[in-house]
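S.K.: Following this message is one structure expressed as structure tokens.
The values are calculated or read from the model by the stated rules, or taken from the named source; none is laboratory data. Keep in mind the model is a prediction, meaning the values are calculated, not measured. Cβ coordinates were reconstructed from backbone atoms using ideal geometry, including for glycine residues, and neighbour counts include every protein chain displayed.
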Amino acid sequence: MRVVIAPDSFKGSLSAVEVAEALARGVRRAWPAAQVELLPVADGGEGWVETLVRATGGRLVTRQVTGPLGEPVEAQYGLFQQDGEEVAVIEMAAASGLTLVPPDRRDPRVTTTRGTGELIRDALDQGARRLLVGIGGSATNDGGAGMAQALGVRFLDEAGAELPPGGAALARLARVDLSGLDPRLAQTEVVVACDVDNPLTGERGAAAVYGPQKGATPEMVQELDAALAHFADVVEGVIGRSFRELPGAGAAGGLGFGLMAFAGARLQRGIELALETLQADRHFAWASLVITGEGRIDRQTLHGKVPFGVARRAAAFGVPVVAVAGCVGSLTPEELDALRAAGLAAIIPVVESPCTLDEAMNPDETRKRLERTGERLARLVGIGLALKAQG
């Protein structure tokens, strides 16, 4: 039996690597002779750097950069070799993420993506000419202006002064100076892992949809949306192209827009980019069984989350896929049919009995439950194989 274990993290509990390791221990209890391969996956959010660096034998780089509030933070990104070139994998949340801002200081009018730009610049210094940037979990709403400033762009007001950090200041933008933009970007492929399709502005834009979770009041949302619209007017007038309505332009407070406008980035579904980078097809082609999973499986799973993406890719090789989940949300019969059509044969919850949310997310208990689930899953598959052998 050849088993590939390719889960996402159980957010707030265990990383994707830890989930895969726990499931593997359980599978080996039931099948000591099984060949088990771990392929933890992230779709651009939490664990993006860790999973890709681990799978590719790369290395982590730690740098002090500008945090979302302008204070220094320690942030990591990854470097690895692929097809003879240096590739960098960056999580914007490591430098500009919401978790870096205490709840009582969250204000997207002043937070900046500058630290993300500093990570990009450092990766260019290390020789990377392909950048894989995950943009989930941001604390910002600055349209990527801070990121661009770190890469040499100047945003000036009517008096010729540099704009201060944050989304609110964009309303005062009068001129964009691209003369200092890092020329290495022109020879660099920038691919952004992005799973949202929001435009930059409007009812589905960065400020309206994501601003409130970053601390924006309704009044702030209006202010920030107007500032982003003005920012896009000025920027697009300079570069001669429009990005504001493209799907994903509003991701990460408009960082999607900024990366397209200033770094020539293209946006791609995070799970697709991850599986391509991990060369997952060759692992799935080898497998007899694939086990995937995430903390919660619900209707959002159908929108390109890890279990859905893994199931679709593995199903192309005729390999059965089983998902495990910390909890399973309400799914309609049609949604269950869609998951099965994607190749997901079964979903197994890891919580065996009623418990509180704190108990369900306790890392030590989750690890034990995953081990038991891996063993239980393997034994159930074994029963199926035995029945099939009997005809």
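S.K.: Among what's in the range 251-278 and is in a helix (DSSP H, G or I) and of a type in the set (D, E, K, R), pick the residue that is surrounded by the fewest Cβ atoms within 10 Å (Cβ to Cβ). Walk me through it before giving the result.
M.R.: Our first condition is that a residue be in a helix (DSSP H, G or I); within the range 251-278, this holds for 251-263, 270-277.
Going one step further and asking which of them are of a type in the set (D, E, K, R), we end up with 272, 276.
On the way: Glu272: 16, Glu276: 14.
Checked the range 251-278; the qualifying residue surrounded by the fewest Cβ atoms within 10 Å (Cβ to Cβ) is Glu276.
S.K.: Looking only at the range 291-314, decide whether some residue is within 30 Å of Arg28 (Cα to Cα), modelled with pLDDT of 95 or more and polar (S, T, N, Q).
M.R.: yes
S.K.: Follow-up question, since we're still on this one. Quick check: anything in the range 72-89 closer than 30 Å to Val221 by Cα and at pLDDT below 95?
M.R.: Scanning the range 72-89 turns up no residue that is closer than 30 Å to Val221 by Cα and at pLDDT below 95.
S.K.: Output the qualifying pairs, or none if there are none: Cβ atoms under 8 angstrom, residues six or more apart or on different chains, first residue in the range 143-159 and free of Cβ contacts under 8 Å to residues at least 60 places away in the same chain, second residue surrounded by fewer than 23 Cβ atoms within 10 Å (Cβ to Cβ) and part of a helix (DSSP H, G or I).
M.R.: Between residues of the range 143-159 that are free of Cβ contacts under 8 Å to residues at least 60 places away in the same chain and residues that are surrounded by fewer than 23 Cβ atoms within 10 Å (Cβ to Cβ) and part of a helix (DSSP H, G or I), the close pairs are Asp157/Arg172; Glu158/Arg172.
S.K.: Return the pair list, or none, for Cβ contacts closer than 6 Å from residues in the range 31-43 that are farther than 30 Å from Gly137 by Cβ to residues that are of a type outside the set (D, E, K, R), at least 6 apart or on different chains.
M.R.: Every condition considered, the pairs that remain are Trp31/Met1; Trp31/Ala378; Ala34/Met1; Ala34/Val3; Val36/Val3; Val36/Ala24; Val36/Val27.
S.K.: From the list Pro218, Pro199, pick out the single residue that is modelled with pLDDT of 95 or more, on the phi < 0 side of the Ramachandran plot and surrounded by fewer than 14 Cβ atoms within 10 Å (Cβ to Cβ).
M.R.: On inspection, the qualifying residue turns out to be Pro218.
S.K.: Can you name every residue in the range 1-58 that is over 23 Å from the mean Cα position of the chain (by Cα) and within 16 Å of Thr292 (Cβ to Cβ)?
M.R.: Listed by number, the residues that qualify are Arg2, Val3, Ala24, Gly26, Val27, Val36.
S.K.: Applying the selection to the range 110-162, what residues are more than 21 Å from Gly250 (Cα to Cα) and either assigned to a loop (DSSP other than H, G, I, E, B) or among the small types (Gly, Ala, Ser) (or both)?
M.R.: Ala123, Gln126, Gly127, Ala128, Arg129, Gly152, Asp157, Glu158, Ala159, Gly160, Ala161
S.K.: Also, quick follow-up: With the range 1-108 as the region, which helices (runs of 4 or more DSSP H) entirely inside it contain at least 1 residues that are surrounded by 19 or more Cβ atoms within 10 Å (Cβ to Cβ), touching a Lys or Arg at 6+ places or on another chain (Cβ under 8 Å) and outside the structural domain of Asp358 (by TED's automatic domain parsing)?
M.R.: Answer list for the range 1-108: 48-56, 92-96.
S.K.: So the check is Cβ under 7 Å with 6+ separation or different chains; which pairs have a first residue in the range 111-140 that's at positive phi and a second one that's of a type in the set (A, V, I, L, M, F, W, C)?
M.R.: Pairs that qualify, where the first residue is at positive phi and the partner is of a type in the set (A, V, I, L, M, F, W, C), are Gly137/Ala93; Gly137/Leu98.
S.K.: Let me ask something additional. Only helices (runs of 4 or more DSSP H) wholly contained in the range 287-391 count here; list those with 1 or more residues that are surrounded by 15 or more Cβ atoms within 10 Å (Cβ to Cβ) and of a type in the set (S, T, N, Q).
M.R.: Working: elements: 306-315, 333-341, 357-361, 363-390.
Output list reads 363-390.
S.K.: In this structure, does Ala75 turn out to be touching a residue at least 40 places away in the same chain (Cβ under 8 Å) and in contact with a Gly (Cβ under 9 Å, 6 or more places away or on another chain)?
M.R.: Taking the combined requirement at face value, the residue satisfies it.
S.K.: Now for a separate question. Looking at the range 166-189, is at least one residue at pLDDT below 95, crowded, with 23+ Cβ neighbours inside 10 Å and in contact with a Leu (Cβ under 7 Å, 6 or more places away or on another chain)? Lay out the reasoning, then the answer.
M.R.: Step one: list which residues in the range 166-189 are at pLDDT below 95, which gives none.
No, every residue in the range 166-189 fails to be at pLDDT below 95, crowded, with 23+ Cβ neighbours inside 10 Å and in contact with a Leu (Cβ under 7 Å, 6 or more places away or on another chain).
S.K.: Continuing with this model, one more query. If you take the residues of the range 109-141 that are of a type in the set (A, V, I, L, M) and touching a Pro at 6+ places or on another chain (Cβ under 8 Å), which of them is surrounded by the most Cβ atoms within 10 Å (Cβ to Cβ)?
M.R.: Ranking the qualifying residues of the range 109-141, first place goes to Ala139.
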